[in-house]
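Every read-out reported here was derived from the displayed coordinates using simple, explicitly stated rules and does not represent laboratory data. Not measured: the values here are computed from a predicted model. Every residue, glycine among them, receives a Cβ derived from its backbone with ideal geometry; neighbour counts consider all protein chains shown.
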Amino acid sequence: MNTSRRPLKFLFLFLLIIFLPILLLASKFRQRLLPHAALEKLEVTVDPLTATKNIGETLKLTVNVTTAKPLSGANLVFTFDRFQWNVVEVKGNTDKFSDDLSTSLIASGSGKILLSLVGRSAQTQLPRGPFRIGEITLQAAGAGTSSLAIDPATQIVGPADNGTHTLFEAYQLHDPQLTVLAGAGDPPKISFTTRINGITTQGPSLTARLRVLDPSSGSTRDFPVTLVSDTGGVYKPTGGWVTLTGVMARKPYTLLLKGPKHLQRRMETRKTLQVGDNTENIFNWTGTPLQPGDVPNPNLGNLQDGVANALDASLILERINSTDSSAASIADLNYDGVVNLNDFSLLISTLSTKNEDEQ
Ligand SMILES: [Ca+2]
Ligand SMILES: [Ca+2]
């Protein structure tokens with residue numbers, strides 16, 4: 001058995017004798033080629049490392065570096081799949097650097113993102129250790145999975161002890177994997193605050209109708225929304241958000257709100273809604289309060305007919321001085337538990353400005 005391995009041993013020894021001097025020579029040669037200052041390693045991390053987005057959604061990435069030596073300047077270049085992502089913003093950290101020249105560009109089919117930063121003049125102010133070097137905001141444009149990889153054109157420098165520059169070798173342990181899903185994606189959610197004329201302190205919770213009108217087709221979708229009041233009479237949806245199932249994000253819609261005893265008001269016109277609970281989908285409608293006057297008609301299955309007129313006036317006047325709950329559910333416009341002239345005057349107040357639902 002041992003004898004059969006002998007030729008292999010001889011071959012290994014032979015190869016070692018031939019190649020060892022070449023290896024030694026090559027390593028010596030390499031040392032001479034390197035800059036006088038040692039090549040420092042600098043680790044780049046991108047947070048988050050994995051992300052999945054629908055087309056049209058944005059993704060904010062934080063780029064962090066970790067370095068033992070201070071940094072005085074950076075041209076940190078990433079390559080990204082430009083068919084999958086659009087660049088919304090590239091922003092260097094100006095808390096750490098004096099100048100930010102960061103940008104993105106399209107080069108030979110691929111996209112490049114450049115985090116270009118100039119350090120402060122005093123060496124004591126130059127950043128080191130783990131720190132955020134910048135932020136990249138992308139928008140998903142096409143389905144697929146790709147990474148955000150460091151480009152070989154990256155150059156990062158710092159001052160060396162001997163007065164020259166240290167050149168950092170930037171490396172990533174993990175390239176982030178960024179996935180874009182095909183299709184329309186999740187529906188938008190909206191949140192809003194609103195007021196109701198006649199209610200100035202904490203009011204009861206009530207059910208309103210949120211109507212989403214697609215101006216391109218004229219089609220509508222209605223969503224019942226339970227509204228809850230704070231102590232000052234400002235109402236918002238219970239749970240904060242209303243999920244608009246079946247409504248496409250990133251399209252303009254007109255939003256209309258109608259209360260149970262109130263005329264419908266147009267709150268937003270051709271407003272583009274974003275996917276999910278995006279902060280762009282939060283609205284303040286307290287300046288356009290719901291106006292009471294279109295009360296439910298008990299003779300017609302408690303339907304509201306979309307106008308405030310003599311019929312609503314008579315439904316209120318028939319119940320003046322009544323405190324029972326069925327009367328209050330129709331004609332108590334200020335929700336104080338009694339139907340009286342205060343409620344009637346709220347109808348008159350509404351009629352001084354309008355008498356039918358806004359569309
Ligand atoms: Ca009416
Ligand atoms: Ca009342």
Residues of type lysines that Lys261 reaches as a straight line, Cα spacing below 22 Å, ignoring anything fewer than 8 places off in the same chain: Lys236, Lys354
DSSP-defined beta bridges in region 39-180 - what % are antiparallel, rounded to 5: 85 percent
Once both label points are put 7 Å beyond Cα along the C-beta direction, the Thr231-Thr45 separation in nm becomes 4.4 nm
Hypothetical label at Gln359: residues of region 213-232 whose amide nitrogen lies under 18 Å (7 Å Cα-Cβ projection): 213-222
Sequence gap at least 6, Cα distance under 8 Å: using those rules, report the relative contact order of the chain to the nearest whole percent. 14 percent
Cα to Cα, under 14 Å, and not fewer than 8 places away if on the same chain: which aspartates and glutamates meet these conditions relative to Lys96? Glu135
Please figure out what share of the DSSP beta bridges in the chain is antiparallel and state it in percent, rounded to the nearest 5. 85 percent
Kindly state, to the nearest 0.05, the FRET efficiency for Ala143 paired with Asp336, given R0 = 56 Å and r defined as their beta-carbon distance. 0.50
Quickly work out the Thr272-to-Arg132 label distance, labels modelled 7 Å from Cα along the C-beta direction, and quote it in nm with one decimal. 2.6 nm
Need one number: nm distance between label points at Thr279 and Tyr171, each 7 Å from Cα along Cα→Cβ, rounded to one decimal. 3.8 nm
Qualifying aspartates and glutamates (Cα of each under 15 Å from Cα of Lys69; at least 8 residues distant if same chain): Glu40, Glu43, Asp161, Glu169
Per-residue [θ]222 nm for the chain (sum of -39500 (n - 2.57) over DSSP H runs n ≥ 4, rounded to 500): -5500 deg cm²/dmol
From Cα pairs below 8 angstrom and at least 6 apart in sequence, can you work out the relative contact order of region 39-180, rounded to a whole percent? 38 percent
Using Cα atoms only, what is the angle between the long axis of helix 341-351 and the major principal axis of the chain, expressed in degrees (0 to 90) to the nearest 10? 60 degrees
Least to most buried among Glu356, Glu40 (fewest other Cβ within 10 Å first): Glu356, Glu40
If you line up the long axis of helix 2-33 against the longest principal axis of the chain, both from Cα atoms, how many degrees apart are they, to the nearest 10? 80 degrees
If you average the sequence gap of Cα pairs under 8 Å that are 6 or more apart and divide by the length of region 223-359, what percent do you get for the contact order? 20 percent
Taking R0 as 56 Å, what FRET efficiency do you get between Ile348 and Ala153 from their Cβ-Cβ distance, rounded to the nearest 0.05? 0.15
